[in-house]
1. Which residue pairs have Cβ atoms under 6 Å apart, sit 6 or more places apart or on different chains, and have a first residue in the range 1-30 that is more than 19 Å from Cys176 (Cα to Cα) and a second that is open to solvent by less than 10 Å² (accessible area, probe 1.4 Å) and away from the ligand (no atom under 16 Å from the Cβ)?
2. Among the residues of the range 53-71, are any within 18 Å of Ile429 (Cα to Cα) and without any contact (Cβ under 8 Å) to a residue 12 or more places away in the chain?
3. Which residues, taken from the range 104-126, are within 16 Å of the ligand (Cβ to nearest atom) and either touching a Pro at 6+ places or on another chain (Cβ under 9 Å) or not basic (Lys, Arg) (or both)?
4. For the range 438-466, what are the residues that are touching a Phe, Trp or Tyr at 6+ places or on another chain (Cβ under 8 Å) and at negative phi?
5. All but one of (1) more than 11 Å from the ligand (Cβ to nearest atom); (2) touching a residue at least 60 places away in the same chain (Cβ under 8 Å); (3) surrounded by fewer than 21 Cβ atoms within 10 Å (Cβ to Cβ) hold for Val173, so report the exception by its number.
6. Every residue in the range 266-306 that is under 29 Å from Thr124 (Cα atoms) and small (Gly, Ala, Ser), please.
7. Among the numbered conditions (1) closer than 24 Å to Ser390 by Cα; (2) in a strand (DSSP E or B); (3) open to solvent by less than 60 Å² (accessible area, probe 1.4 Å), tell me where Ala552 comes up short.
8. When the range 317-344 is examined, which residues are found to be at pLDDT 85 or above, of a type in the set (A, V, I, L, M, F, W, C) and within 21 Å of Thr45 (Cα to Cα)?
Amino acid sequence: MIYHKHDAVIVGAGGAGLMAALYASKEVNVGVISKLYPTRSHTGTAQGGIGAALGNLEEDHWEWHAFDTIKGGDYLVDQDAAEIMCRDAVGIVLELEHMGLPFDRTPDGKISQRPFGGHTNNVTKQPVRRACHAADRTGHMILQTLYQQCIKNNVQFYDEFQFMDLLVNEGRVVGCVAYEIKTGELHVFHAKAVFFATGGWGRLWNVTSNAHSLTGDAPAVMLRKGYPLEDMEFFQFHPTGIYKMGILITEGVRGEGGVLINGLGERFMARYAPTLKDLASRDVISRAIYLEIAAGRGINGQDYVYLDVRPETVNRYFDEDGKKNPDGTPRRITAADIEKKLPDIADFCRTYLGVDPVKQPMPIQPTAHYAMGGIPTDVDGRVIVDVDNSVLPGAYAAGEVACVSVHGANRLGTNSLVDLVVFGKRGGIAMAQYCKQVDYGPLPPNPEAETRRQLDALLSRTSGTSAAAIRRSMQDVMMRNVGVFRTEKLLTEALEKIRDLKHQYQNVYVADKGKRFNTDLLEAWELGCMLDLAEVTALCALNRTESRGGHARDDYPKRDDVNWLKHTMIFKQGDNYRIGYKPVVITKYQPMERVY
Ligand SMILES: Cc1cc2nc3c(=O)[nH]c(=O)nc-3n(C[C@H](O)[C@H](O)[C@H](O)COP(=O)(O)OP(=O)(O)OC[C@H]3O[C@@H](n4cnc5c(N)ncnc54)[C@H](O)[C@@H]3O)c2cc1C
């Protein structure tokens, strides 16, 4: 066992982890543990943009952004948190610009902005240009910029270290345990505070936009230790993943004018969202695609539709909509626009599909994309452990792994990147203040014992089922039964299947018994985390008998504010679970019906 000591340890080096590290490192000594090399984190794949009401191209206000966020989240959003996020976004985007982030520019040199789903001018109800972007590589630029700043600030990185356990002693966090992937050694980090920024868990589903590393390790560890997870039933399906592969085609394509087309060549979103059409929020569009497919209007009757950005088609629709540039000329998309504004997307389509988006429409289907729920926190990133908002001293979280909750039942595009930088910063600052006030707590005896026990159990078997087989079955059942549409029958079946898989997992067999880069072992360990999260996702989805945002129950098709305007908090108790509830924070936006 190898021992390290830092005031604060941050687990995860995506946008949230790096922003927290940057701010905490201004005040205290910080170590960052990441199972990936930092700039390989999923934040680097974010394409479309980061939302902030800069108003560079037209009138916009952070209050409009807050309202859109709350409405988009189907009123499950904690409104105090959304107000903080949308207000702080404006300053933080400028701060990122000053750090050197190369945003695209308007002709007069300001940060360029484009429309995105659900972001509107609250007066005219029309799409507003709010998403700040660096081509379709915004997340990549954020990650590179923040990483450089962290290096400049002497943050110490532990690259390719996998977090496996949180150490809590005498009611407070005292550190964590991590596995060094290169050597197979366990490391104990003695710390005053631990900050989780481990991202999402889209790998629970088989068609997903998420990277292989997104397996929900930290929330699963928290759950096992008896701490709650919030709103786990809400997982977003992004409408436009590449057919069968799930690789994301950014909403920015529709922001630039792209339209969805069914097998009859109809622009079908007009039926489901007459005003915003293809720029309605993601839950609405994913459901519309499923309904078109169910009605036999997929392409050639199959289970996909087209996303079309060909200038000839798109300009025809622009003419129908009467869309104009700010100078009054008719808006036109050209092949050059696609190459300049969506270069990576064009490249993905050509590489993975053999489809040239300038000349052909892209086959797409909804893809598992984003966790709205997660580790509950307050607006300063402090981890909450019960329905009365008590905190666990020394525990922090931000980014996709956390539930603060700014996305409620459905996240708007561009709002995750904002969430990362706003709450990463706030959490980093709050954590540094805490570290300055307290001493190191004593480590428990044998701090690495529980982790060693888990790994030894996985390595000890000489035969059994492979992790890959169990994972595939889990991903299939999650896709089929815990997807865009849910029913009691589907969810009950899913729970039974997942429990059966958990049983099989007791005998999972790891063939590689080696120490160095034992990905076989790590994948088996991660599968244990994913099975726990799959079980609580299905349980919470079964429990919530209404439809709201990303959680659509065919058997309870209406939103039910009387009984369900509340957050779910699920706790593990022995082999069982207990569900509690927390009220939604409402400041000034009373729940209304969502009309797009
Ligand atoms: C393809 C794609 C495109 C997207 N586009 C946009 C967009 O345009 N705009 C937008 O707002 N949002 C977008 N999103 C969502 C957004 O990118 C993510 O929600 C966000 O980047 C998550 O950031 P994060 O910092 O929370 O975690 P991540 O960036 O996912 O980083 C997770 C970190 O945790 C580490 N980690 C995980 N588990 C462990 C462990 N056990 N031990 C040690 N380290 C661990 C990893 O190494 C990594 O460093 C997109 C998402 C995807 C998948």
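1. The qualifying pairs are Glu27/Ala432.
2. Filtering the range 53-71 for residues within 18 Å of Ile429 (Cα to Cα) gives none.
No, because not a single residue in the range 53-71 is within 18 Å of Ile429 (Cα to Cα) and without any contact (Cβ under 8 Å) to a residue 12 or more places away in the chain.
3. If we filter the range 104-126 for residues that are within 16 Å of the ligand (Cβ to nearest atom), which is where we start, we get 104, 111-119.
Once the filter is applied, which keeps residues that are within 16 Å of the ligand (Cβ to nearest atom) and either touching a Pro at 6+ places or on another chain (Cβ under 9 Å) or not basic (Lys, Arg) (or both), the range 104-126 yields Asp104, Ile111, Ser112, Gln113, Pro115, Phe116, Gly117, Gly118, His119.
4. Going through the range 438-466, the residues touching a Phe, Trp or Tyr at 6+ places or on another chain (Cβ under 8 Å) turn out to be 451, 454-455, 458, 461-466.
Thr451, Gln454, Leu455, Leu458, Arg461, Thr462, Ser463, Thr465, Ser466, listed by residue number.
5. In the conditions (1) more than 11 Å from the ligand (Cβ to nearest atom); (2) touching a residue at least 60 places away in the same chain (Cβ under 8 Å); (3) surrounded by fewer than 21 Cβ atoms within 10 Å (Cβ to Cβ), Val173 misses (3) alone.
6. Result: Ala270, Ala273, Ala280, Ser281, Ser286, Ala288.
7. Unmet condition: (1).
8. Within the range 317-344, Ile338 is the sole residue that qualifies.
The values are calculated or read from the model by the stated rules, or taken from the named source; none is laboratory data. Not measured: the values here are computed from a predicted model. Cβ atoms come from the backbone with ideal geometry, glycine included; neighbour counts cover every protein chain shown. Protein only, heavy atoms only, side chains kept; ligands, DNA and RNA dropped before computing areas. Shrake-Rupley method; radii C 1.70, N 1.55, O 1.52, S 1.80 Å.
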